[in-house]
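Below you'll find the structure, written out as C-alpha cells, and then a few comments.
Values in this text are rule-based calculations from the coordinates and carry no lab data. Owing to the predicted nature of the structure, the values given are computational and were not obtained by experimental measurement. Glycine also receives a Cβ, built like all others from the backbone with ideal geometry; neighbour counts cover every protein chain displayed.
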Amino acid sequence: MVINFKKSYKFAVKSATYVTIFSSGLFSLLNYFFLKGSSWVVFFFGLSVFAFCFFVLQYRVERFIYRRVKKIYDDVSLLENASFRNQPVTTDMATLTREVQKFARDKKVEIETLKIREEYRREFLGNISHELKTPLFTVQGYLLTLLDGAMDDKAIRKKYLQRAEKGVERLIYIVKDLDLITKLETGDINLALSEFNIVDVVQGVFDLLEMRASKKNISLTFDIKYKPIKVIADQEKIQQVVTNLVMNSIKYGKQGGTTEISIEDLVNNKIIVRVTDNGEGIAKQHIPRLFERFYRVDKSGARSEGGSGLGLAIVKHIIEGHEEKIYVESQFGVGSEFSFTLEKT
C-alpha cells in the first residue's frame with residue numbers, strides 16, 4: 001500500500017504554538033533574570049522550538065495514525081474487496097471515515113442483494129421442479145396404466161395416449177420457453193428489426209386465439225377501428241408479446257368478458273399498446289412480482305389452465321430488449337391492463 005498523507009496541519013500548528021509560548025515565556029524569564037541576553041535570542045529560541053515541535057508532532061502523530069489506519073485497511077482487506085484494498089492508505093480521518101462508511105454501505109447492499117438472489121434461486125428451483133414434475137408424473141401414470149393391461153382396451157388406450165401426448169407437449173412448451181428466456185437474459189438473441197403494421201399483428205393474434213376465447217365466450221376487440229400504424233421492431237417477437245398478453249387475459253378472464261386492445265400516440269415518436277380485460281384482476285401485493293419466472297398469482301387455477309409460467313417474464317425481456325417500457329395496472333375483481341411502448345416509423 002502507498003502512504004497518501006493528505007495532511008491537515010492544524011493539530012501540529014496549535015500544539016507547537018502552545019509549546020513555543022510556554023517555552024519562550026520561561027526562557028524570557030530566565031534570560032531577564034539570569035542570562036541578560038538580547039530579545040533576539042528569545043525570538044530565535046521561540047522560532048527554533050516552534051519548528052522543532054511542529055515537525056516532530058506532525059511526523060510522530062501521522063506515523064501513529066498511519067500504523068493504526070493501515071491495520072484497519074489490512075483487516076478490511078481480508079474481506080477480499082480488491083477495489084478497497086488497492087486504494088492508497090490515507091491518514092486523513094475524515095477521508096478514512098467516508099471510505100469505511102461507503103465500504104460498509106456497499107457491503108450491506110451486496111449482502112442484501114445476495115440474500116434476495118438466494119431466495120429467488122431457491123424459489124425458482126422449487127418452481128421449475130414442480131412445473132416439470134407435474135407433466136412427467138402425468139405421462140408416467142398414463143403409460144404405466146397402459147402397460148398394466150389397459151392397452152388391450154382400444155378406447156382407453158387412445159384416450160390415455162392422447163392425455164400422455166398433452167403432457168409431453170406441456171414439457172416441450174416449458175423447455176422451449178426456458179431456452180428462449182435464457183437467451184433473452186444473456187443477450188444471446190438478436191432482434192430482426194423491421195417496419196410492420198402493428199394493427200395487422202394484433203388482428204392476427206385475435207384470429208389465432210379466437211377459438212380459445214370462444215370457449216369462455218370472451219370477445220377480442222379493438223377499442224376503435226384503426227388505420228395502419230407502422231412501427232419498427234422485431235415483428236415475430238412483438239407478435240409473441242401480444243399473444244402472451246392476450247392469452248393471459250383469456251386465461252384469467254370472466255365468462256362472457258372482453259379483452260380490448262387500444263393503440264395511442266405518445267411523445268417522441270412512440271406509441272403505447274394497451275391490453276385491457278375485465279377479468280378477475282390482480283391483488284396489489286402480487287403486482288411487483290408478476291414478471292418473475294414461474295410466479296403465479298393463483299397457483300392452482302393457473303396450472304389447470306396450462307402454460308409454462310414464463311409468459312410474462314418473456315414479455316418483459318422482449319420489450320426491454322427493444323429498449324422500451326412495459327406497465328401493468330390492475331384492480332382485484334375489476335380487471336387488468338398491460339401496456340407497452342414501441343417506436344413508430
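Details
- Between ARG122 and ASP200, the contour length at 0.36 nm per residue exceeds the alpha carbon distance by 23.9 nm.
- Eigenvalues of the alpha-carbon gyration tensor of the stretch 255-295, scaled by 5 and square-rooted, set the equivalent ellipsoid semi-axes at 24, 18, 8 angstrom, largest first.
- Gain on full extension, evaluated as 0.36 nm per residue between LEU132 and PHE64 minus their Cα-Cα distance, stands at 18.1 nm.
- Taking label points 7 Å from Cα along the Cα-to-Cβ direction, TYR327 and LEU191 give a separation of 1.9 nm.
- Highest average packing first - 247-256, 14-23, 108-117, Cβ atoms within 10 Å: 247-256, 14-23, 108-117
- Straight Cα distances below 17 angstrom link LYS325 to the lysines LYS237, LYS270, LYS316, LYS344, with same-chain residues fewer than 8 positions distant left out.
- Label zone at LYS230 (point 7 Å along Cα-to-Cβ), backbone N below 17 Å, the stretch 311-345: 342-345
- Of the three principal axes defined by the Cα atoms of the stretch 111-186, the extents in descending order read 60, 22, 12 Å.
- The stretch 193-344: mean projected area of Cα convex hull, nm²: 8.5 nm²
- Label sites at LEU143 and GLN255, each approximated as a point 7 angstrom past Cα along Cα to Cβ, lie 3.7 nm apart.
- If R0 is 45 Å, the Cβ-Cβ spacing of ILE287 and LYS102 corresponds to a FRET efficiency of close to 0.85.
- FRET efficiency for ARG157 and LYS215, using Cβ-Cβ distance with R0 set to 35 Å, rounded to 0.05: 0.85
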